[in-house]
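Presented below is the structure to which this report refers.
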There are 2 protein chains.
Amino acid sequence: MSKQMLPVFPAGCCEPMVREPLGEQDAAELARMFKALSDPVRLRLLSLIASHAGGEACVCDLTGPFDVSQPTISHHLKVLREAGLVGSERRGTWVYYRVIPAAMNRLSDLLQAPAQAGVPAGSGT
Amino acid sequence: MSKQMLPVFPAGCCEPMVREPLGEQDAAELARMFKALSDPVRLRLLSLIASHAGGEACVCDLTGPFDVSQPTISHHLKVLREAGLVGSERRGTWVYYRVIPAAMNRLSDLLQAPAQAGVPAGSGT
């Protein structure tokens with residue numbers, strides 16, 4: 001009955017880091033979010049949720065693809081949730097997860113860089 | 001004399017993860033890159049390099065803002081370099097660092113998500 005709204009990520013921070021250096025507080029917060037992405041199983045879980053039909057996945061959809069136990073999957077989902085990258089909602093028997101687009105886009109925007117690569121770093125001495 | 005070219009990051013991977021789930025190999029590689037970003041000092045170092053005039057920073061520009069020792073800064077720069085996020089070049093006395101745009105954009109593209117947030121996850125039961 002009561003539809004639970006997913007948390008809306010506060011806007012503001014972050015400009016692409018090519019424009020301005022990060023402050024200490026933003027860096028600490030963003031490092032925690034990147035830490036949640038620093039595990040291959042968590043990255044795959046996040047991508048499974050993000051790409052699932054309708055943009056959300058039941059926890060029952062998320063255990064099959066992995067060689068790890070259900071409690072391990074639950075732990076990883078908790079880390080993603082605590083980092084603010086996914087929201088969850090219980091409906092009936094199952095818990096459903098969906099990504100929080102504002103959080104993903106905050107990290108995505110931060111990492112945007114000019115496209116050129118392979119440019120010499122400058123004249124030698 | 002010999003201008004060292006920065007490594008050009010291999011193109012291909014990655015579609016935004018909202019489009020397709022990550023494979024195991026990509027997830028392992030990307031998790032290593034995100035791990036390099038999971039430390040506040042490394043994030044600030046990367047943002048200092050990225051936002052520095054001319055897109056590159058001398059190691060001599062990178063120690064002042066931090067309360068950590070020069071060897072610690074060097075260690076963090078090595079982690080960023082080994083993750084493929086920055087390239088370095090020695091010119092004269094100093095080593096210069098610049099970000100590798102293709103690597104940053106690979107992570108940025110991966111995390112792109114549709115903009116809407118705060119959408120109810122669906123009808124309750």
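Values in this text are rule-based calculations from the coordinates and carry no lab data. Since this is a predicted model, take the numbers as computed values, not measurements. Neighbour counts run over all protein chains shown; Cβ positions are idealised from the backbone, glycine included.
Within the same chain, aspartates and glutamates fewer than 8 places from A:LYS78 are excluded, and of the rest, those with a Cα less than 14 Å from its Cα are A:ASP39, A:GLU89. Report the local net charge at A:PRO21: Lys and Arg +1, Asp and Glu -1, summed over other residues whose C-beta lies under 12 Å from its C-beta. Combined, the nearby Lys, Arg, Asp and Glu give -3. Summing Cβ point charges (Lys, Arg +1; Asp, Glu -1) relative to the Cα centre of region A:27-110 gives a dipole of roughly 140 debye.
With R₀ fixed at 30 Å, the C-beta to C-beta distance from B:THR63 to A:GLU20 puts the FRET efficiency at about 0.95. Count Lys and Arg as plus one, Asp and Glu as minus one, and take only other residues whose Cβ is under 12 Å from that of A:ALA113; the net charge is then +1. Going from the residue with the fewest nearby Cβ atoms within 10 Å to the one with the most, B:LEU77, A:LEU110 rank B:LEU77, A:LEU110.
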